[in-house]
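The values are calculated or read from the model by the stated rules, or taken from the named source; none is laboratory data. No experiment lies behind these values; they were computed from the predicted model shown. Positions of Cβ are generated from backbone atoms using ideal geometry, with glycine treated the same way; all protein chains shown enter the neighbour counts. What goes into the accessible areas is simple: the full protein's heavy atoms, side chains included, and nothing from ligands, DNA or RNA. Shrake-Rupley method; radii C 1.70, N 1.55, O 1.52, S 1.80 Å.
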Amino acid sequence: MASTIHCDIVSAEAEIFSGDAAMVVVPGEEGELGIAPRHAPLLTRLVPGQVRVILPEGEEKFYYISGGLLEIQPHVVTVLSDTAQRAGDLDEAAALKAKEEAERAIKDRTAGMEVAQAQAQLAEAMAQLAALERFRKQLKR
Amino acid sequence: MSGSKEIVGKIKSVQNTRKVTSALEMVSASKIRKAQDLMEASRPYSRMMRQVIGHLAQATLEEEHPFTAEREEVKRVGFIIMATDRGLCGGLNNNMFRKLLAEFRQWQEKDVEITTVVIGRKAAQFFRRLKVDISAATQDLGEQPRLEDLIGTVKVCLDDYREGRLDRLYLCYNHFVNTMTQQATFDQLLPLPPADEKPMLQYWDYIYEPNPKELLDDFLTRYIETLVYQASLENLASEHAARMVAMKNASDNANNLIDELKLVYNKARQAAITQEISEIVGGAAAV
């Protein structure tokens, strides 16, 4: 039997591929990596690109990943794929958005207060109107 | 027969309510399954992560990563609070909030300040009324939460932690035990509690590209994001389960109410008939 390496491609949201492969080619941060069985243990970051899995029967499978992390052990290769494009500024933008959302949530408090206040005033006005109405009816009699 | 018409109206309105609650019950029942599938799908990733982190932590022993190092003095704790976007799910959110308030009080007695991060509309609504700090918020995760939507919120917490504005970080969500039981759970995210791993027997090490420190940082960041993401899924499953049970109770109550109202209606009808007959008999006797 030809030697194979077990390959797992997983993301936080789903398992993408799991099975034996003759070779796996991934876009490493420091260049493209071809991983054959009995590769030395290695950890690296991945950049967005294509993962090519060559199955033992010679068939090839392609997966697109938007970056991630890679772990290699002599008989197992694990691609921990990101579900989204990651970059310093992108993450920063996301963080800013979350902060803005928080500010809005706090600001809504004043909006909520205004609504409550308006409602109280409305209730008061309605009570006054009702009292007036009653008064008028009494006068007619 | 003056009262009977009103009673009929009331019965109709309760019947309409029952229609809505039983529909919601069925919708939630089917959504639980989907949420559970999502939970299942995210497990391999975190399992792999944990393995690699365990190894990395031992490889970079000389210098402990800030995320795993315990701090001596705790001045400010952060809470990531998962709640639902929508209501009608029984006491799910309120039970957790009540438990959280007790927790807050304990910290405040020790003069520790509290920062919250709210995920889900109900959490935002509740905690803005309280006088606690909200440093980040996310809403509308929907039926299929995506990790992407949580990255920003988690980053705010991690940055705060790195820069010393937070000394500890907790994750609060409803743990999905089964459809009948959900448990408000507080997990410590930072500093990351050490995994119970066996001592390494083999003396091999990875080749690192670039250096192990940066990689460990990447791994830990993603790991924490994954934990938060999984908590959001678990909370989603809990939400649907709680809603299903709440709606089932509401439907049962509506049934009881309808039965009682029918009884009242029949009695009123009977009384009206009896009265009419006795009037006719009385009239005939007078002639």
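Odds and ends about this structure:
- Rg/Rh for the protein assembly as shown (Cα atoms only, Rh after Kirkwood) is 1.18.
- Degrees between helix B:2-41 axis and first principal axis of chain B (Cα, 0 to 90, nearest 10): 20
- Kirkwood Rh and Cα Rg combined as Rg/Rh, region A:14-108: 1.17
- Our coupling estimate for region B:126-132, obtained by passing each phi through the Karplus curve with A = 6.51, B = -1.76, C = 1.60 and θ = phi - 60°, is 6, 7, 6, 6, 7, 9, 10 Hz, Gly and Pro reported as x.
- For the protein assembly as shown, with all protein chains in place and a probe radius of 1.4 Å, 53% of the accessible heavy-atom surface sits on carbon or sulfur.
- Residues whose placed amide H lies under 5 Å from that of residue B:138, excluding near-sequence neighbours: B:118, B:119, B:120
- Given R0 = 56 Å, the distance between the Cβ atoms of residue A:131 and residue B:178 translates into a calculated FRET efficiency of 0.50.
- In order along region A:57-63, the phi-based Karplus estimate (6.51 cos²θ - 1.76 cosθ + 1.60, θ = phi - 60°) of 3J(HN,Hα) comes to 7, x, 6, 10, 10, 10, 9 Hz; Gly and Pro are listed as x.
- For the pair B and A, total buried accessible area rounded to nearest 100 Å², probe 1.4 Å: 3500
- For residue A:77, the residues whose modelled amide H falls within less than 5 Å of its own, excluding neighbours fewer than 5 places apart on the same chain, are A:6, A:7, A:8.
- Length-normalised contact order for chain B - Cα pairs under 8 Å, 6+ apart - percent: 33
- Alpha-carbon centroids, region A:25-65 and region B:100-120: separation in whole Å: 46
- Angle in degrees between helix B:92-109 and the longest Cα principal axis of chain B, rounded to the nearest 10: 50
- For residue A:76 and residue B:267, a Förster radius of 51 Å and the Cβ-Cβ distance give a FRET efficiency of 0.10, rounded to the nearest 0.05.
- For the pair residue B:259 and residue B:159 in one chain, pulling the backbone fully straight at 0.36 nm per residue adds 30.1 nm over the alpha carbon distance.
- Taking every C-alpha pair closer than 8 Å and separated by at least 6 residues, the mean separation divided by the residue count of region B:107-163 gives a relative contact order of 29 percent.
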